[in-house]
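Worksheet for the structure shown next.
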Amino acid sequence: MTVYLNGQFLPVADAKISVLDRGFIFGDGVYEVIPVYSRHIFRLAEHLQRLHRSLDSIKLANPYNDAEWANIIQELIARNEPEDQYLYLHITRGVAKRDHAFPNPPVPPTVFLMSNPLNTPPAALLQNGISAITAPDNRWLRCDIKAISLLPNVLLRQMAIDAGCAETIMVRDNAFLTEGSASNIFVVKNGVLLAPPKDNLMLPGITYDVILELAAASDIPHEVRKVSIAEVLGADELLLTSSTKEVLSVTLLNGNPVGTGKPGAVFSKLHGLYQKFKQEVMRA
């Protein structure tokens with residue numbers, strides 16, 4: 001694997017950072033994940049806009065402009081073998097003595113990128129769906145920042161794994177849906193696709209946007225609004241989306257079947273539309 005670190009492309013084994021890096025010490029940084037299909041970057045502009053918003057939110061200057069990012073990303077894709085990849089971008093505030101306050105004067109940020117093979121969900125998951133549990137959303141109030149300090153998400157995801165499930169669906173204040181520990185969540189009730197609104201309590205997913213665009217273009221009824229825990233527990237269908245998982249159906253929640261216990265009609269339609277979109281747009 002070839003990675004990018006602070007201006008150099010090098011083997012991953014040779015990539016080193018200081019133990020005083022503020023990402024290591026404080027989790028002081030942000031990240032981004034970008035899918036690549038047939039070596040074509042998926043929605044680069046939208047991903048870079050989200051990265052810039054995250055950097056602005058933590059008062060860290062963007063180290064590159066969009067053209068420079070595009071050149072680095074294209075070169076990293078070319079230096080790695082898979083036709084389908086997912087890129088991980090990681091920017092921290094840099095190396096400084098341990099002090100909670102920002103370094104003054106500022107130090108150069110640490111910029112790291114790596115590529116991994118992008119493997120789509122296997123047929124068995126598409127046919128049968130996945131299982132999930134619900135849990136209180138105990139994270140901070142700026143979940144819209146794609147911050148590298150992901151310990152709450154890690155613990156929530158491990159909660160699902162320990163329960164023999166694939167994902168934890170988070171509920172804020174025992175009242176309304178936010179998202180999954182590593183995904184966005186949609187509810188289907190009476191044929192209507194329900195999506196939680198983009199706010200400070202959830203990460204604005206790029207795949208989330210695509211699903212809503214496909215629903216609008218295909219006349220699938222949909223609403224973006226607060227979704228109650230009662231609507232989650234009483235859903236006819238639950239859908240999970242992310243850059244790496246694409247679209248999956250949640251067919252078992254807290255040990256109980258969701259709807260019929262099988263992937264439903266809305267999932268089937270959206271999954272088909274997403275695959276068509278991937279072939280015609282993402283790989284074009």
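The values are calculated or read from the model by the stated rules, or taken from the named source; none is laboratory data. Treat the numbers as computed from the prediction; the structure is a model and nothing was measured. No Cβ is skipped: glycine too gets one built from the backbone with ideal geometry, and neighbour counts run over all protein chains shown. Just so you know, the surface numbers come from the protein's heavy atoms only, side chains and all, with ligands and any DNA or RNA stripped out. Shrake-Rupley method; radii C 1.70, N 1.55, O 1.52, S 1.80 Å.
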message: Residue under question is residue 130, and the condition is that it be among the β-branched types (Val, Ile, Thr), under 15 Å from the mean Cα position of the chain (by Cα) and open to solvent by less than 20 Å² (accessible area, probe 1.4 Å); does it hold?
response: no
query: In the range 165-205, what residues are open to solvent by less than 20 Å² (accessible area, probe 1.4 Å), polar (S, T, N, Q) and farther than 24 Å from residue 265 by Cα?
result: 181
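The rows are residues; the columns are (1) touching a Leu at 6+ places or on another chain (Cβ under 8 Å); (2) open to solvent by 30 Å² or more (accessible area, probe 1.4 Å); (3) more than 23 Å from residue 151 (Cβ to Cβ); (4) assigned to a helix (DSSP H, G or I).
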| position | (1), (2), (3), (4) |
| --- | --- |
| 19 | no, yes, no, no |
| 24 | no, yes, no, yes |
| 32 | yes, no, no, no |
| 35 | yes, no, yes, no |
| 49 | no, yes, yes, yes |
| 64 | no, yes, yes, no |
| 68 | no, yes, yes, yes |
message: Conditions first: (1) in contact (Cβ under 8 Å) with a residue 24 or more places away in the chain; (2) open to solvent by 50 Å² or more (accessible area, probe 1.4 Å); (3) more than 30 Å from residue 39 (Cα to Cα). Residue 269 passes all but one, so which condition is the exception?
response: (3)
- prompt: Which of the residues that make up the range 84-120 are farther than 19 Å from residue 12 by Cα, exposed (fewer than 14 other Cβ atoms within 10 Å of the Cβ) and within 21 Å of the chain's Cα centre (by Cα)?
  reply: 119
message: Quick test for you: out of 235, 230, pick the one residue that is more than 22 Å from residue 86 (Cα to Cα), aliphatic (A, V, I, L, M) and free of Cβ contacts under 8 Å to residues at least 12 places away in the same chain.
response: 230
- prompt: Is the range 16-30 home to any residue that is closer than 26 Å to residue 284 by Cα and of a type in the set (Phe, Trp, Tyr)?
  reply: no
- request: Give the number of residues within the range 132-175 that are in contact with a Gly (Cβ under 6 Å, 6 or more places away or on another chain) and assigned to a loop (DSSP other than H, G, I, E, B).
  value: 2
message: Taking the conditions exactly as written (touching a Ser or Thr at 6+ places or on another chain (Cβ under 8 Å) and assigned to a helix (DSSP H, G or I)), does residue 87 satisfy them or not?
response: no
message: Restricting to the range 70-83, and then to whatever is assigned to a loop (DSSP other than H, G, I, E, B) and of a type in the set (D, E, K, R), can you tell me which residue is least open to solvent (accessible area, probe 1.4 Å)?
response: 83
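Yes or no: residue 264 over 29 Å from residue 31 (Cα atoms) and open to solvent by less than 30 Å² (accessible area, probe 1.4 Å)?
On the way: over 29 Å from residue 31 (Cα atoms): yes; open to solvent by less than 30 Å² (accessible area, probe 1.4 Å): yes.
Criteria met by residue 264.
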statement: By residue number, the members of the range 208-219 that are open to solvent by 60 Å² or more (accessible area, probe 1.4 Å) and either part of a helix (DSSP H, G or I) or in contact with a helix residue (DSSP H, G or I) (Cβ under 7 Å, 6 or more places away or on another chain) (or both) are 213, 217
field: Filter result (open to solvent by less than 20 Å² (accessible area, probe 1.4 Å), of a type in the set (A, V, I, L, M, F, W, C) and either assigned to a strand (DSSP E or B) or on the phi > 0 side of the Ramachandran plot (or both)) within the range 220-261
entry: 238, 239, 240, 247, 248, 250, 253
